[in-house]
Amino acid sequence: MENVRNTWKHVLAWMIITLSFSQASAATEDVDFFAEASALEFLERYNEEAQKIVNNGVHAAWNYKTNLTDHNANLSSEASLRSSAFAAKTYNESLFLRDAKLTKATKRAMKMVAGAVLIGDDIKKLTNITSRMTKIYGSGKVCSDKENNQTCLSLDPELQQLMKNSKDYEKLKWAWEEWRTAVGRKLKPLYLEYVELLNKQAKLNNYTDYGHQLRMRYESETFEEEMLSLYDELKPLYELLHSYVRRKFYNQYGPKIIKLNGPLPACILGDMWGRFWDPLFEFLQPYSSSDYNLDAKMKQQGYNVTQMFHMGEEFFTSMGLKKMPASFYDLSMLEKPSDGREVVCHPTAWDFYDGKDFRIKMCTTVTFENLQTIHHELGHIQYFMQYAHQPYQYRDGANDGFHEAIGELMSMSMTTPQHLEKVGLMKDVQYTKEDEINFLLKMSLSTVSTLPFHLVNDLWRWRAFRGEYKLEDWNDEYWKLKEQYLGVYAPVERTADDLDPPTIFHIANDYDMIRYFTRTVLQFQFLEVLCEEAGHFGPLHTCDIYGSTEAGEKLASVLSLGSSLPWQDALEKMTGGRKMSTKPLLKYFEPLKEFLMNEVCLNGDTVGWGENIQNDYCKDSVILADGPNIINNKADVSSTTGASSKPLSLYALLLALIFNVSIRINNNYRSFF
């Protein structure tokens, strides 16, 4: 009976394809209709089976990461092996169709189906290594009394709180080093073997190495060069921010620790990796006129974790987007379990591929930073729900950066003082120029500061995967890149036993990090378009898309595509252009850039570090000591110039002063929002 049913499916698919082809398409596409019918039948069967296999695997992975026991590890490994066996079977069954004359859409669908995978001992070894690395990272602790195993701190929340709140340099350095000793040294031999196996698997699929495979998820052979080119456009803004932050730390720690023309020690930047600098905002805040102590306000107003998630959900539904299913609140792990079990706390959103089960795993505490993270993770869930109707192979973001950008732009919009007033976390904000700079600096500490961080982590991986570094030099090469692009250095000596990259969740768990670089560019592109849809007037950084169903409709139309179209097509549908652009981001932060330039010049500081240092950055500028504008700055932020200029005349100085006064008068009458 099953064979008869399959035969009729085959015939029916052939009839549908034959009838659906117009004369025009038949003339432009050379298609083998019988191969097309076979491919569609294969894809239908694949989708049914894949959803079941993947659902089972996700359940096993969820159980392990929310309860790190050996029993759950074994079950997760078994599920992973079943998934690999299914992928191998699928690949072998599809081989005869891969070179067939198919329609463009069907070729894309076949390409999205699983590729070749390792088999035998190799896949067992890879699965075992993956499980062990997950446990080492998730259960990692730092103990101050190693002999008696007392005062042991987990990464989240204890160590992260220490890195966020402490200004004791020795304590920060101790925690930074001990985490890398406890986790990085254990992971090193596993990670080296892991890379070898991933490279082997990538070559089975005609990639030169695993890094090449990761980059080709962005469908471009020149992706690495494109990302470096984008960063060249953003680098001047980062270097100005770095110089401003360096001066603040110099005032805090003094010349023994901070050199005003050098890189920064990596242990002082707000978290365990120096990834996000926004925990430092109160320390870096230029003006005291605005009260951004939102953690205290949330606690005063009695916020709890469930309320925070409902608040995040309401942001999406206010735009006409989908509600969370009831099972989300029943099945998610929204707080760290109180029963003592070990879990992986790193916030992640989960799609169980059955169209109804979506969860978040997060050790949430009542802080504004966690409220922002909730909006971000709910962005992933919204994306999952919007493309849940797609076939299995298209249930993914247009690219990884798209997935990350959706929640991040919601997080960015809900952080505006305008929105915080709506929800009662800020009130009586005067919206002065000082408020504007405070806000933009705060936003830059979670966006601009991350750009080289995310770029470097994957630059290092790509170069390591393709064999540019000797194995014994991997860690040294990593820190060379960190100093070159980020302007940071390891605060303690690194040894041959150390491997620092996998001490961050994403590398230990095989998440590419270029997704966060691309998302930072894309989120501003998306924001600009959605603000236009919402009818926003005024500077981009004052836009709040909350409550705009027009913006929601635009967003949903792109999210619902999943990965059914190349990401360039999805980007064009959203923005009208097919390339990532830094222009919206730079426009958003233009007032901050002026402020940072003025601060650097007022202090006589340099911009950059090492070989990139710019000593003559401010020599052609008129500095305005009471404000953020610089008049007649002839120096290009992105380059040094040895050309000298004549001193400004008294007449020119007078014109500059009048211009500045006029700007300030205008600012007093321009609403910040």
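Counting only residues that are crowded, with 20+ Cβ neighbours inside 10 Å and either of a type in the set (G, A, S) or modelled with pLDDT under 95 (or both), the range 215-235 holds 1 of them. Name the single residue, out of those in the range 564-573 being of a type outside the set (D, E, K, R) and surrounded by fewer than 22 Cβ atoms within 10 Å (Cβ to Cβ), that is nearest to L540 (Cα to Cα). Once the filter is applied, the top-ranked residue is Q568.
The set of residues from the range 533-545 being in contact (Cβ under 8 Å) with a residue 40 or more places away in the chain and surrounded by fewer than 21 Cβ atoms within 10 Å (Cβ to Cβ) comprises G538, P539, L540, T542. Among the residues of the range 316-332, just one is surrounded by 13 or more Cβ atoms within 10 Å (Cβ to Cβ), among the aliphatic types (A, V, I, L, M) and farther than 26 Å from A551 by Cβ, namely L331. Yes or no: E550 assigned to a helix (DSSP H, G or I), more than 30 Å from E434 (Cα to Cα) and of a type outside the set (G, A, S)? Taking the combined requirement at face value, the residue satisfies it. The listed residues are E193, E170, E221, E177, and the only one of them that is in a loop (DSSP other than H, G, I, E, B), acidic (D, E) and over 20 Å from the mean Cα position of the chain (by Cα) turns out to be E221.
Among the conditions (1) at pLDDT 95 or above; (2) at positive phi, the only one that P452 does not satisfy is (2). Of the residues E436, E404, the single one that is surrounded by 21 or more Cβ atoms within 10 Å (Cβ to Cβ), in a helix (DSSP H, G or I) and more than 24 Å from the chain's Cα centre (by Cα) is E436. Please pick out the residue among L527, L499, L481, L441 that is aliphatic (A, V, I, L, M), within 30 Å of S154 (Cβ to Cβ) and either in a helix (DSSP H, G or I) or without any contact (Cβ under 8 Å) to a residue 40 or more places away in the chain (or both). The conditions single out L481.
Each row is one residue, and each column tells you yes or no for (1) surrounded by fewer than 18 Cβ atoms within 10 Å (Cβ to Cβ); (2) in contact with a Lys or Arg (Cβ under 8 Å, 6 or more places away or on another chain); (3) part of a helix (DSSP H, G or I); (4) of a type in the set (A, V, I, L, M, F, W, C).
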| position | (1), (2), (3), (4) |
| --- | --- |
| K299 | yes, no, yes, no |
| F309 | no, no, yes, yes |
| E314 | yes, no, yes, no |
| G355 | yes, no, no, no |
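For the range 479-516, the set of residues classified as more than 30 Å from K361 (Cα to Cα) and of a type in the set (S, T, Y) consists of Y485, Y489, T495, listed by residue number.
Please determine, by comparing only the residues of the range 139-165 that are modelled with pLDDT under 90 and either in a helix (DSSP H, G or I) or under 22 Å from the mean Cα position of the chain (by Cα) (or both), which one is farthest from P347 (Cα to Cα). Step by step, filter the range 139-165, then rank; the result is P157.
In the set (1) at pLDDT 95 or above; (2) farther than 21 Å from H346 by Cβ, W62 fails one condition alone, (2). Residue-level analysis places L441 among those that are buried (at least 23 other Cβ atoms within 10 Å of the Cβ), more than 23 Å from F505 (Cβ to Cβ) and among the aliphatic types (A, V, I, L, M).
Among the residues of the range 70-82, some residue qualifies, meaning at least one is more than 25 Å from the chain's Cα centre (by Cα), at pLDDT 90 or above and either outside any helix (DSSP H, G or I) or closer than 30 Å to W567 by Cβ (or both). Restricting L409, L420 to those that are under 27 Å from L280 (Cβ atoms) and crowded, with 21+ Cβ neighbours inside 10 Å reduces the list to L409. Go through the range 243-291 and give me each residue that's hydrophobic (A, V, I, L, M, F, W, C), without any contact (Cβ under 8 Å) to a residue 24 or more places away in the chain and either surrounded by fewer than 21 Cβ atoms within 10 Å (Cβ to Cβ) or assigned to a loop (DSSP other than H, G, I, E, B) (or both). Result: I258, single match. For the residues A109, A85, the requirement of being surrounded by fewer than 18 Cβ atoms within 10 Å (Cβ to Cβ) and aliphatic (A, V, I, L, M) singles out A85.
Of all residues in the range 364-386, exactly one satisfies the criterion of being in a loop (DSSP other than H, G, I, E, B) and crowded, with 22+ Cβ neighbours inside 10 Å, namely T364.
Quick check: is even one residue across the range 568-576 more than 30 Å from K186 (Cα to Cα), not in a helix (DSSP H, G or I) and not hydrophobic (A, V, I, L, M, F, W, C)? There is at least one residue in the range 568-576 that is more than 30 Å from K186 (Cα to Cα), not in a helix (DSSP H, G or I) and not hydrophobic (A, V, I, L, M, F, W, C).
The values are calculated or read from the model by the stated rules, or taken from the named source; none is laboratory data. Given the structure is predicted, the values throughout are model-derived calculations rather than measurements. Reconstructed Cβ throughout: ideal geometry from the backbone, glycine too, with neighbour counts over all protein chains shown.
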